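Heads up: the structure comes next, in structure tokens.
The values are calculated or read from the model by the stated rules, or taken from the named source; none is laboratory data. The structure displayed is predicted, hence computed values, not measured ones. In this analysis, Cβ positions are derived from the backbone assuming ideal geometry, glycine residues included, and neighbour counts consider all displayed protein chains.
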Amino acid sequence: MSTPIKMKLGVAVVVLFFVQIVSAQTQKGIDTQTRKHKEETNKTTTRESGEPPARSFDWGKGKTEVRDRLPNPYKMNSRRDVLVTTIMEALKERKMVVDEASSRLKDGIIVTQPFVFSKGPVITQNELNRYGILTFADTAWSRGQYTLTIEVQSIDGIQNNVLVNAKIEGRAGNGLTSEWRTVQSSGVAEDEFLAKLVEMVTGNSPDPPKATDQ
């Protein structure tokens, strides 16, 4: 092989080697930039969708405690006549009026007059969702009320079951007419009254203590 050809081959090899080195460095730079971009993206996504890693919350005593619903009927140790009297006092404290015409106190049956628990469209919608199960679509609710029927069922001389049923009603209207509609009870009205009654009979509230700001 002649000398000029050898020189040309040598130069070509050197150029090829140099190109490979430059390509490898360039690729390395691209990989580094890609990895850095992914890391920055992950950091941004994490902070947008959640709290910063160094930030945490300790709810502690401020967390709302929720108890299980009380049994309904609820067994109580008290004479029937005494229990009926206590029920009347509990209703009075809750500003509920007894319907004397519908009640049979000697038989342990107490029926209340309708108790209005909300007025106004905004409040009524929320309160009806709490006390009842709404199945009426596109209904404007202006008032909410419920009626309690309480029955004291004797077990023996000193034990009785107290059964509470609530009739939940909402005043519904379309702007031209309005009417009271009965909705299914969620059980909240019954549970609230039973909790009050248990507190008055036993002296202890079944509800967890409410958190107070220090």
ask   = Which of the residues spanning the stretch 136-166 are modelled with pLDDT of 95 or more and aliphatic (A, V, I, L, M)?
value = Leu148, Ile150, Val152, Val162, Leu163, Val164, Ala166
Flag if Glu169 is of a type outside the set (Ser, Thr, Tyr), over 21 Å from Pro206 (Cβ atoms) and either modelled with pLDDT of 95 or more or buried (at least 21 other Cβ atoms within 10 Å of the Cβ) (or both) = yes
message = Could you go through the stretch 65-87 and let me know if any residue there is surrounded by fewer than 10 Cβ atoms within 10 Å (Cβ to Cβ) and at pLDDT below 95.
response = yes
remark   = In the stretch 159-202, anything in contact with a strand residue (DSSP E or B) (Cβ under 6 Å, 6 or more places away or on another chain) and of a type in the set (A, V, I, L, M, F, W, C) is listed as Val162, Leu163, Val164, Ala166, Ile168, Ala172, Trp180, Val183, Ala189, Phe193, Leu194, Val201
Inter-residue pairs, beta-carbon under 9 Å, first more than 22 Å from Arg80 (Cβ to Cβ) and free of Cβ contacts under 8 Å to residues at least 60 places away in the same chain and in the stretch 194-209, second surrounded by 14 or more Cβ atoms within 10 Å (Cβ to Cβ) and of a type outside the set (A, V, I, L, M), 6+ apart = Ser205/Lys196; Ser205/Glu199
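Select from the stretch 111-133 the residues that are outside any strand (DSSP E or B) and either of a type in the set (A, V, I, L, M, F, W, C) or touching a Leu at 6+ places or on another chain (Cβ under 9 Å) (or both) and list them in ascending order. Spell out how you get there, then give the answer.
First pass over the stretch 111-133, keeping only residues outside any strand (DSSP E or B): 113-114, 120-131.
Result: Val122, Ile123, Gln125, Leu128.
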